[in-house]
Amino acid sequence: MSRHVVAAVADLPPGSRKLVTVKGRPIAIFNIKGEFFGLFNRCPHQGGSLCDGTLTGLLEADEPGQYRYSRQGEILRCPWHGWEFDIRTGQSWCDPERIRTRSYPVQVQAGGHLVEGPYVAETVPVRVEEEYVVVEM
Amino acid sequence: MNVDVLSRPAASRPAASRLAIADGDIHPARKKPSDIYPYLEKRWQTHLETFGLRFRHGFQYGPAYPKGQPLACRRDATPPGGGKPGCDLDFLRAQLLDAHNVQLGILNPLSPSGQGFQDTEFSIAFCRAVNDWQVAEWTSREPRLKASVVVPYEDGPAAAAEIDRRAGDKNFAQVLLLSRTAEPLGNRRYWPIYEAAVRAGLPVGVHAFGYGGSAISAGGWPSFYIEEMNGHAQCSQALLTSMVIEGVFERFPDLRLVLIESGFAWLPPLAWRLDKHFLRLRAETPHLRRLPSEYIRDQVWLTTQPVEEPTTRSQLLDSIEWIGWDRLIFATDYPHWDFDDPAHVLPLPIPEARRRAFFFDNAAALYGMAG
Amino acid sequence: MTALPPGAIDCDVHPTVPGLSALLPHMEDHWRDMVAQRGVHELHSISYPDPSPLTARPDWRGSDGRAATDVEKLRAQALDRFGTGVAICNCLYGVQLLYSEDMAAAYARAVNDWIAREWLDREPRLRASIVVPVQNAELAVQEIERCAADPRFVQVLLLVMGEIPLGRRQHWPIYAAAERHGLPIGIHAGSSYRHPTTPVGWPTYYTEDYVGQAQAFQQQLASLICEGVFAKFPGLRVVLLESGVSWLPAFLWRLDKYWRGLRMEIPWVNRPPSEIVRDQVRLTLQPLDAPPKPEQLQRLLEHLESDRLLLFSTDYPHWQFDGPDVLPDGLSADLAQKILVDNPLATYPRLSESSLTKGVS
């Protein structure tokens, strides 16, 4: 593992985001109310750029017609199919447990590659060191 | 800094789809309503400004069911110069054609296109304008793109006249209809369209949506957008049933039909159901001389998007086997949100010949572009 | 034909009202008098035109051209012939087509009483669905409460095409009552013709009408799921009757996919639609709408990803098969047992032994 400075804190105020490349991998960095989160910038569904997604809250309901809205700004929707990811854990909202435990066939195509494993957006640890945002990979 | 900091994602994709592909469903847009004016008579410009657009639903602006993403588009498809996704040819080139090596892209202009307007005369004029616009601003500037002849389908003879006008023009690859029409598309009022399409040697593409005036399910109006989206599969099943049973394929054996943006895995069960009950009720349809599944096998294609996603992905291969690897036309539906990325749409082991058919050869053959 | 195992349960047979005159004894006075005063016509629905080949197999029609109009016929041609232990009666007399809610309720009462007296009382192997006036949920609930007292009524019957999608909240009192009484909701092919019978307008041919029933089932299943009926009523079971079967896997693949991206529109749907269906929805066997080749059928059955979904049915007297061929080829003995016996017993709590011995009020 090595540490990479990706931005100055001043460049990433709360509510902002930045797409950086670390060791050749695109990483989306978010500042949510002063906390930093990093996600590998590819939706595990079809590869949409998560950095272009929208942040919203978590909408739940115990019953039809009731709406419980929480964690505003902490749920990232993929800009393509709108899959919801918890920005803290990278977990896909629609079926984290079941999908996590299921295995998928992995094949390599000529020139292509597949999404493997559960539908979890890969998180990347992000820290602040003095005035810099640091990614450990 | 020892990293590359990018402010927006690169348009280029990994080499996954370097194979040249065709895209059977691309949606060009105009930046603002008046962008159609160069192609529309003044009388209709004034009408548009005075009365706006009126479809068989209640809203002046937007669709009957609010979408799940703004304009039903990908959030990363807004051009750098602003405007609606799909309105900028240069950005479309970069983000779609170049990025995915699309060598043949079929344009399917959606609302407002003139189709489904309550006012028939306005519909006729607007469709003609949209066809002129496609050529002037898209296909004449980008040889990889082909246009669709947008027609005022609720007026069969007027629609046929528009097809006749465009016949022989290599800018156009197909005739475009929408799926939710006033009557099911097998109904005789639409036959002049099929006649003209065959005369012009053009396939007929039927794209999901439109407002024909009926509830969008046979049991009434659903509450939710997700039901509308899921329902496009049932609409396509119904219109295909109509076309088969009314005898459109029997009457027009050279007609080629492409069902666009309804998925495809529903087709084999529909064909089995049609065959079974057609035979039981045979006395009702003496005009049909083949099994429904035979007409479908010979004259119907489907674009792939939105591709169905079984939990056990390999089951999708059964569906494709049952339909036939030669009947599917890959499509992205760019720039809509339920876009299928060609690199990820078929994450399964498939022989190279089938992969080529799926991604290019079927479209090239259907649209007469085979090299 | 291989004999069916003992206790095979036929989940879809159709006693047919021979005419309004058969219902008159079961109507309240003024409704009975109005039939003659107004010249009320028969309520036979165009969903099954009387002489149409599908409506009745030729060898099941009497000399008057009608089928299944009395219990002796059903006993001989279905129960004894097929060797089933129990059959569930779904009467399709068109009370749901009436626009007057009160009239619909009155005729529903008459049909249910006629079924109880002329069929259930005379043949202990029969059970029935409660015909309800879906036009008015309150009146429908009253009829459920009235008939549920008789344990031989095992289901509530609705048609697949009505005025308002079946998942909508206006219908929920019906589902609450059904859940309370342990009655599945049986949704049967047919329409009340409030809307064209396709989502793209009125068809021309009866063939389209019948084939189109499968699309109506797909959209109603989506309605029930998306509106949260299964979340609101976790004890409710829904049975799709004469819906076709082979469309189900592709439908679930598509709806699951859309749910993953549009969950926030329906946040009460907190698990994949396919899971909901495998837990709370069942389908009767006929018509299977099967693929032509046995290996294709095997694949299709795998796509269902559950052996608990299918319930045996003959759809008597509708013409879905010839001779005694009540089961499609290619079913394993294990799966056949589930379809014929286990799944119906699991779906209809009132079929269990204890309720068979209960007295009738």
*Tell me which aspartates and glutamates have Cα within less than 18 Å of C:Lys73's Cα, excluding those fewer than 8 residues away on the same chain?*
C:Asp10, C:Asp12, C:Asp50, C:Asp59, C:Asp64, C:Glu118, C:Asp121, C:Glu123, C:Asp315, C:Asp322
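When the helix-only estimate is applied to chain B (DSSP H runs of n ≥ 4, each -39,500 (n - 2.57), divided by the residue count), what is the mean residue ellipticity at 222 nm, nearest 500 deg cm²/dmol?
-9000 deg cm²/dmol
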*Note down the nm distance, to one decimal, between modelled labels 7 Å out along Cα→Cβ at B:Asp35 and at A:Leu58.*
4.0
*Report, by chain and number, residues whose modeled amide H sits under 5 Å from the one on A:Arg71, excluding near sequence neighbours (fewer than 5 apart, same chain).*
A:Leu58
_Positive-end residue of C:Gly7, C:Cys226, C:Ala140, charge dipole of chain C with Cβ unit charges_ = C:Cys226
*Please name whichever of C:Gln155, C:Ser191, A:Ser70 sits farthest to the positive end of the charge dipole of the protein assembly as shown, dipole taken about the Cα centre and charges placed at Cβ: Lys and Arg +1, Asp and Glu -1.*
A:Ser70
*DSSP H helices in chain C with Cα extent of 18 Å or more along the helix axis and mean Kyte-Doolittle hydropathy at least -0.5?*
C:101-115, C:213-226, C:248-262
_Below 8 Å between Cα atoms, with a sequence gap of 6+, how large is the relative contact order for region B:19-366 in percent?_
19
_Could you tell me the relative contact order of chain C? Use alpha-carbon pairs under 8 Å, at least six residues apart, and round to a whole percent._
20
_With the cut-off at 1.5 for a/c, could you classify chain C from its C-alpha gyration tensor as rounded, prolate or oblate?_
rounded
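Report the charge-dipole magnitude of region C:9-352 in Debye, nearest 20, computed about the Cα centre from +1 at each Lys and Arg Cβ and -1 at each Asp and Glu Cβ.
740
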_Taking the beta-carbon count within 10 Å as an exposure proxy, list C:Lys232, B:Lys31 from fewest neighbours to most._
B:Lys31, C:Lys232
*Quick one: Cα centre-to-centre distance for region A:1-63 and region B:57-102, in angstrom?*
23
*asked:* Just checking the output field for B:181-193: average partner chain Cβ neighbours within 10 Å of each residue's Cβ?
replied: 3
_Likely footprinting exposure, C:Trp319, C:Trp259, A:Trp80, fewest C-beta neighbours within 10 Å first_ = C:Trp319, C:Trp259, A:Trp80
*Once the dipole of region B:19-366 is set up with Lys and Arg at +1 and Asp and Glu at -1 on Cβ about the Cα centre, which of B:Leu71, B:Ser223, B:Gly114 lies farthest towards its positive end?*
B:Gly114
_Could you work out how much longer the chain between C:Ala346 and C:Arg122 gets when fully extended? Use 0.36 nm per residue separation minus the Cα distance between them, nm to one decimal._
78.1 nm
*Cα centroid separation, region B:130-149 to region B:213-289 (Å)*: 30
*Can you list which of the trypsin sites (Lys or Arg not before Pro) found in region C:1-68 are DSSP loop residues with at most 12 other C-beta atoms within 10 Å?*
none
*Given the rule -39500 (n - 2.57) for each run of at least 4 DSSP H residues, summed and divided by the residues of chain C, what is its mean residue ellipticity at 222 nm, to the nearest 500 deg cm²/dmol?*
-9500 deg cm²/dmol
*Proxy reagent accessibility, fewest Cβ within 10 Å first, across C:Thr207, B:Thr241, B:Thr120, C:Thr69*: B:Thr120, C:Thr69, C:Thr207, B:Thr241
*For region C:247-361, rounded, prolate or oblate, judged on the Cα gyration tensor with a ≥ b ≥ c (square roots of eigenvalues), a/c < 1.5 rounded, else prolate if a/b > b/c?*
oblate
*Across chain B, how many lysine pairs, 8 or more apart or on two chains, come within less than 25 Å at their alpha-carbon atoms?*
12
*Mind listing the lone cysteines of the protein assembly as shown, meaning no other Cys beta-carbon sits under 4.7 Å from theirs?*
A:Cys51, A:Cys94, B:Cys73, B:Cys87, B:Cys127, B:Cys235, C:Cys11, C:Cys89, C:Cys91, C:Cys147, C:Cys226
*Non-local amide H neighbours of A:Ile27 (under 5 Å, H modeled in plane, Pro and chain starts lacking H): which ones?*
A:Val20, A:Thr21, A:Val22, A:Asn41
*Counting Lys and Arg as +1 and Asp and Glu as -1, each charge on the Cβ, what is the dipole of the protein assembly as shown about the Cα centre in debye, to the nearest 20?*
1220
*Under unit Cβ charges (Lys, Arg +1; Asp, Glu -1), what dipole magnitude, rounded to 20 debye, does region B:19-366 have relative to its Cα centre?*
360
*asked:* Through the Karplus equation 6.51 cos²θ - 1.76 cosθ + 1.60, θ set to phi - 60°, convert the phi angles of region B:70-83 into ³J(HN,Hα) values in whole Hz; use x for Gly and Pro.
replied: x, 6, 6, 10, 4, 6, 9, 9, 6, x, x, x, x, x
*So, in Å, what gap is there between the alpha-carbon centers of region B:318-364 and region C:1-30?*
49
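Rounded to the nearest 0.05, what FRET efficiency do C:Arg278 and B:Ala365 have when you use their Cβ-Cβ distance and R0 = 41 Å?
0.55
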_Long-range Cα-Cα pairs in the protein assembly as shown (distance over 51 Å), rounded percent_ = 20
*What percent do you get for the relative contact order of region A:14-66 when only Cα pairs under 8 Å and 6+ apart count?*
24
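No value in this document is a laboratory result; all are computed from the given coordinates. In this text, all values refer to a predicted model and were calculated from it rather than measured experimentally. A quick note on method: Cβ atoms are made from the backbone with ideal geometry, for glycine too, and the neighbour counts reach across all protein chains shown.
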